[in-house]
Amino acid sequence: MTTEIDLKALVRTIPDYPKPGIMFRDVTTLFGHPSGFRVSVEKLVAPFREQRVEAVAGIEARGFILGGAAADRLHSGFVPIRKKGKLPHKAIGQDYELEYGVDVIEIHEDALSPGEPVLLVDDLIATGGTAVAAVKLLRRLKAEVVGAAFVIDLPDLGGCARLAELGVPCHTLVSFEGD
Ligand code: AMP
């Protein structure tokens, strides 16, 4: 028999980081735990094991750590979605709104083929702004987004609801009330 580990208890909360009023959900404590990382990755990919997933797209930077391991589990490729100006080859960009101003994420223009089934991965979904921009990038490459998976959901901020409106199933492992 295996004992269930409490993933939520392994997430460290840092109040007022990076600025006053933000409760930062720090996954380094979860990733550093002897079995926390492995169990998180197993649970993250579980609903997608029976589906065809040819690539996992991970969002910089914590989405790289989870996405790489998820791709290994699913026997798929890994595709990075990066902040503007970091990818070495020709890329397409998508902007999204932040609390103050806009940001841009990019993907290599030849990272995926039309119809390729892809799973989006990041550590946390809050407003969903980043994930929605990532879905738009993947769809601009005509990939088929089979779902999106996050360790942490902040449901009060509505990110998974925004993905659902786009027809993207949202899978999360633990949730925290508030923002
Ligand atoms: P959003 O675009 O609002 O869904 O924000 C998601 C992105 O911002 C993810 O890449 C998260 O790592 C990061 N993020 C947003 N809010 C938090 C938070 N409270 N704690 C840790 N990371 C956060």
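No value in this document is a laboratory result; all are computed from the given coordinates. All values reported here derive from a predicted model rather than from experimental measurement. Ideal geometry is used to build each Cβ from the backbone, glycine not excepted, and the neighbour counts take in all protein chains shown.
Determine the dipole magnitude for the chain: charges of +1 sit on the beta-carbon of Lys and Arg, -1 on that of Asp and Glu, nothing else is charged, the reference point is the Cα centre, and the result goes in debye to the nearest 20.
Values: 20 positive and 25 negative charges, 84 e Å.
Computed about the Cα centre, the dipole is about 400 debye.
Compare the peptides 84-91, 10-17 by average per-residue count of other Cβ atoms within 10 angstrom and give them in order, highest first.
On the way: 84-91: 11.8, 10-17: 13.4.
Peptide ranking by packing, descending: 10-17, 84-91.
What does the convex hull of the alpha-carbon atoms of region 92-133 project to on average, in nm²?
Working: hull surface 14.1 nm².
Averaging across all directions leaves 3.5 nm² for the Cα convex hull.
Considering only the other residues whose Cβ falls under 12 Å of the Cβ of Lys90, what net charge follows from Lys and Arg at +1 and Asp and Glu at -1?
Values: positive: none; negative: Glu106, Glu109, Asp110.
Cβ neighbours under 12 Å give a net charge of -3.
For a quick protection proxy, order the peptides 69-77, 107-115 by their average other-Cβ count within 10 Å, most packed first. Before the final figure, lay out each step's value.
On the way: 69-77: 18.3, 107-115: 15.4.
Top to bottom by mean Cβ count within 10 Å: 69-77, 107-115.
Would you calculate, for the chain, the mean residue ellipticity at 222 nm contributed by helices, counting each DSSP H stretch of 4 or more residues as -39,500 (n - 2.57) and dividing by all residues, to the nearest 500?
Helix contribution divided over all residues of the chain: -8000 deg cm²/dmol.
Quick one: the Cα spread of the chain along its three principal axes, in angstroms, biggest first?
Result for the chain: principal-axis Cα extents of 44, 41, 31 Å.
For region 16-118, calculate the relative contact order in percent as a whole number, restricting contacts to Cα pairs under 8 Å that are 6 or more residues apart. Kindly include the intermediate steps, with their values, before the conclusion.
Details: 120 pairs, mean separation 22.0, N = 103.
Rounded, it is 21 percent for region 16-118.
Using only alpha carbon pairs under 8 Å that are at least six residues apart, calculate the relative contact order of the chain and give it in whole percent.
Relative contact order, the chain: 18 percent.
Given region 52-175, what percent of its DSSP beta bridges are antiparallel, to the nearest 5? If you can, show how the numbers build up before the last one.
Numbers: 9 of 31 bridges.
Roughly 30 percent of the beta bridges in region 52-175 run antiparallel, per DSSP.
With +1 on each Lys and Arg Cβ and -1 on each Asp and Glu Cβ, and nothing else charged, work out how big the dipole of region 72-120 is about its Cα centre, in Debye to the nearest 20.
Details: 6 positive and 9 negative charges, 46 e Å.
Approximately 220 debye in magnitude.
Treating only the Cβ atoms of Lys and Arg (+1) and Asp and Glu (-1) as charged, compute the dipole magnitude of region 47-143 about its Cα centre; round to the nearest 20 debye. All intermediate terms of the calculation are to be shown ahead of the outcome.
Details: 13 positive and 14 negative charges, 39 e Å.
Using only the charged Cβ atoms, the result is roughly 180 debye.
Report the number of Lys pairs in region 52-175 whose alpha-carbons are under 18 Å apart, with separation of 8 or more residues or on distinct chains.
On the way: Lys83/Lys136; Lys84/Lys136; Lys90/Lys136; Lys90/Lys142.
So the count works out to 4.
Applying a 10 Å radius around every beta-carbon, put 162-172, 146-156, 94-104 in order of their mean neighbour count, most first. Mind showing how you got there, number by number?
On the way: 162-172: 16.5, 146-156: 21.5, 94-104: 12.0.
For the peptides 162-172, 146-156, 94-104, the packing ranking is 146-156, 162-172, 94-104.
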